[in-house]
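Quick notes on the structure that follows.
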Amino acid sequence: MSQALRTTTLGSNVIRNENQLQARKGLATRSTNNAQRAVLGEIGNRVKGLSVNNGPVKAISADARKPLVRSKATSSIRQKVEAPPKPVESKPFSALEENKKLNAYSSGLLNVDDIDVEDSDNPQLVSEYIKDIYLYLRYMEDKFRVSENHLRDSKITGKMREILIDWLVQVHLKFKLLHETLYLTVAIIDRFLQVDSSISPAQLQMVGVTAMWIASKYEEIYAPEVNDFVVIADKSFDEEQMRVMERQILSALRFDLGRPLPLHFLRRNSKAGCVDNRQHTLAKYLMELSLQEYSLAHLRVSHLAAAALCLSLKVLQDEETEGWTDVLTHYSFYPENELRPVMCQLASLVVKANEKLNDSRAKRVAVARKYATKKCLCISVLPELSGPVITELAAEAAV
Amino acid sequence: MSISKSTDAVDLGTRAEGGGCESSETGHRRSNGYSEECLGRLEPNGNIPKDGSLHRGWERLAGGDSVGRPPMSASSDSRLLDEQGRSEARVVLRHKRPPRPKSECLLSQDSRVSKRYSAFGGDSPFGRQEAYIKQDMLGEGSYATVYKGYSNLTQQTVALKEIRLQEEEGAPFTAIREASLLKELKHANIVILHDIIHTRSALTFVFEYVHTDLSQYLEKHPGGLHGRNVQLFLYQLLRGLSYCHERRILHRDLKPQNLLISQIGELKLADFGLARAKSVPSHTYSHEVVTLWYRPPDVLLGSTEYTTSLDMWGVGCILVEMIAGVPCFPGVRDVSDQLDKIFRVMGTPDPRVWPALTALPNYKPERLGRYRARRLADVFPRMAEMPHAESLANRLLHLAPERRAAADAARRHRYFGDLPALLSSLPDTASVFTVPGVRLHPEPKHFAPAVLKMAEQLRKKH
């Protein structure tokens, strides 16, 4: 596999290539004055930690509280359930199942805060549609699931997948792509390998790069060019091969690229939990660590997003943090006990990453290194990540 | 408010979280899949420059007389021009009618015809070139050609949208997004994508065949449409759009050319090439979206943080256009002219009423004309004849995006009060024409003012 994955390592080669790469592509000609988006700035109206005098976490007036029993989403679902039966294909949101689930959570929680009630003035947060959108995303994640052990018929192993994704994380960083693009890339790879078991280890790198190319076209305003990808892979395949692979992937996926990403759910959860920047970034780190882990590839992305935030809140507990509240259970769709097994697995990934960070010769440590930088708030080297919360959960995973 | 080409190019690179800040080296911005040469020739507003060198395709369509004609392109749309329509277009376009501006960033010159072969088969009869018979060309867009066709699989007429593949960059991002998004959308008011044929040289989308579009319908019935039909078309547009918005999809290119109209009056949203699924909260997106005439003021002023309100402005423009028979804000030249057209009617915005205004990148109050808002019914007199139409148009054409009505809310507006109540509870895939009493009305005949005057005199005599 290590031969198959011929790459320019991110050392001198790439840096040498970089100038020539940038001279050619649109990436290099990006504006200098664009402000980076604040990590949490737009998630909600009540994000704490952005200003000092923010008061207590749930400073919501009494009239802002409203029971969610007949929120717009639930009622519209009911409407849809009552609608005459339709062909399976157009059945909305697998409505029945969702409705059951919603009721199960909301019946005991008549007083969950409506976290969108104060957003009607902010069109960024589309409060009119937000509940419909998240129900739809739940439906979509089930429609395009990756099954457990999806590489069982394939010549690709979980280890090869790990090597590939580790390298793609570095390429992603190098090309300065959006976070969404990385998650979509991995989703494309997994769904493609699940349906096409003929891919050989020698082709795997090309699959990965082509998946990132497609993901960039879907997500980015300016995607890197095909040649950039060929160069970054040290020309172990050419552009025509990538175009053929593009057709193969798009046809295998039937052009369905709308699978939701863990990031979509994390943003919602972070808003519901009024979390601060560090807690949000730690959850992102945990989610990114999990990308490489084959045994977590089949997880529902909403499940992963909820578990990552839940663990993050446990690790970075402060006096303002209330842990996994009823509000979080409601908006994330998961109660804490359902998240625990995933949290244990995430904790053991952190333990592994900690060991690698201390070993300068360790391989496959791209995510942890990336999150050790200032831009990522040095989140992967936080002392809390070596603390008792993580070690205990990791020990539980080992059992 | 005039924006130089270079500043515009830099603005284009604005990106979100994780984005880079690198200095501009070449001065050109390269949009994926489109040649530098082509983009370099764009005007700041993304339209084709006037030198006529880029729109050869259109000249062929419009009769080859290009001297002094303003820029015109058949655009990205699935303009369904049949042979007869083309000759009509030739007549219409040679005269004073202002050209419709084109969609942004859909430019490609590669029109080589190469041998087609089916790259992937499998056992499914779908996805194969042989299953479809290509017939007449219906229209030619800048990155695709639309043919009428016949499906041997379903024994019905279809529309084949053939997208030429880029020599280098494979499937254009517009095609990838359009296919992926349309596959999520199954609704009576959204065009149905039946099949996709992906070969080495072309990507063909097989759509249901719909016989005309709103732009042609408006040309065929000048002077504005029947009040009932305006109501029905608008209702269907809002129905399709709220379905998209509930699924976090923005269309981003609403205009009459992209609204297909069937023989019985069904309206279907088409051309999702500029659409995209947005995350919540939104990314920073390109502000080079939506054809100029239908682009909202906040985006014209450089906002990249738009959301569903982007599409709603277009709905307002289309409502006015259907009633008045003429485009609502037909800007010529550039963004500043477009803003001027809007403000002359809606009034120059006041930061006290719209506080976010001052933060918009291209807001330069000293360069904007100062106008007081006029009543829409004064500007478009026919609007006064239709109950509550003006009120709805005002809700949709709010300058401040956060105050613009959402598609769901607009559907509940009293302007639709006299439509059958059953409409609001129709299943997604049922057409509004399945409701008893809903039908397309014959369009009124509008006579030239001179004829009307003469009729008036005759009536007086008797």
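Each value in this text was obtained by applying a stated rule to the coordinates, not by laboratory testing. Here the structure is a predicted model, which is why all the values come from computation and not from measurement. Note: ideal-geometry Cβ built from the backbone for every residue, glycine included; neighbour counts use all protein chains shown.
Of note:
- Computed from backbone phi with θ = phi - 60° and the Karplus coefficients 6.51, -1.76 and 1.60, the 3J(HN,Hα) list for the stretch B:372-380 is 8, 5, 10, 6, 4, 5, 6, 6, 10 Hz; x is used for glycine and proline.
- Neighbour-count order for B:Leu241, A:Leu137, fewest beta carbons within 10 angstrom listed first: A:Leu137, B:Leu241
- Applying the criteria of a DSSP loop state and at most 11 other Cβ atoms within 10 Å to the trypsin sites (Lys or Arg not before Pro) of the stretch A:152-205 yields A:Arg152.
- 3J(HN,Hα) from dihedral phi, the stretch A:224-231, Karplus parametrisation 6.51/-1.76/1.60, rounded to Hz, x for glycine, proline: x, 7, 4, 5, 4, 5, 5, 5
- Taking amide H positions as modeled 1.01 Å from N, with prolines and chain starts lacking one, the residues under 5 Å from B:Leu138 and 5 or more places away or on another chain are B:Val146, B:Tyr147, B:Lys148.
- Global form of the stretch B:213-461, assessed from the alpha-carbon gyration tensor, a/c cut-off 1.5: oblate
- When the pairs B:Lys134/B:Lys186; B:Lys220/B:Lys341; A:Lys217/B:Lys220; B:Lys220/B:Lys453; A:Lys352/B:Lys183 are compared against a 29 Å limit on Cα-Cα distance, A:Lys217/B:Lys220; A:Lys352/B:Lys183 fall above it.
- If R0 is 51 Å, the Cβ-Cβ spacing of B:Phe433 and B:Glu366 corresponds to a FRET efficiency of close to 0.50.
- By the count of other C-beta atoms within 10 Å, a proxy for reagent exposure, A:Tyr139, A:Tyr218 are ordered fewest to most as A:Tyr139, A:Tyr218.
- For the stretch A:219-318, chymotrypsin sites (Phe, Trp or Tyr not before Pro) are listed when DSSP marks them as loop and at most 10 other Cβ atoms sit within 10 Å of their Cβ; the list is empty.
- Restricting the chymotrypsin sites (Phe, Trp or Tyr not before Pro) of the stretch B:361-462 to loop positions (DSSP other than H, G, I, E, B) with no more than 15 neighbouring Cβ atoms within 10 Å leaves B:Tyr371, B:Phe447.
- Residue exposure sequence - A:Tyr136, B:Tyr294 - by fewest surrounding Cβ within 10 Å: A:Tyr136, B:Tyr294
- Neighbourhood net charge (13 Å Cβ-Cβ; Lys/Arg +1, Asp/Glu -1) for B:Ala324: -3
- For B:His194, distant residues with modelled amide H under 5 Å away: B:Val206, B:Phe207, B:Glu208
- 10 Å beta-carbon shell around B:Phe205, net charge (K/R +1, D/E -1): -2
- Measuring spread by the Cα atoms of the stretch A:148-263 yields a radius of gyration and Dmax of 13.0, 36 Å.
- 12 Å beta-carbon shell around A:Cys378, net charge (K/R +1, D/E -1): +4
- Amide H contacts of B:Ala373 (H built 1.01 Å from N, under 5 Å, at least 5 apart or other chain): B:Thr348
- The alpha carbon centroids of the stretch A:191-226 and the stretch A:357-378 are separated by 25 Å.
- Violating pairs (Cα-Cα greater than 24 angstrom) within the set A:Lys131/A:Lys374; A:Lys174/A:Lys356; A:Lys271/A:Lys314: A:Lys131/A:Lys374
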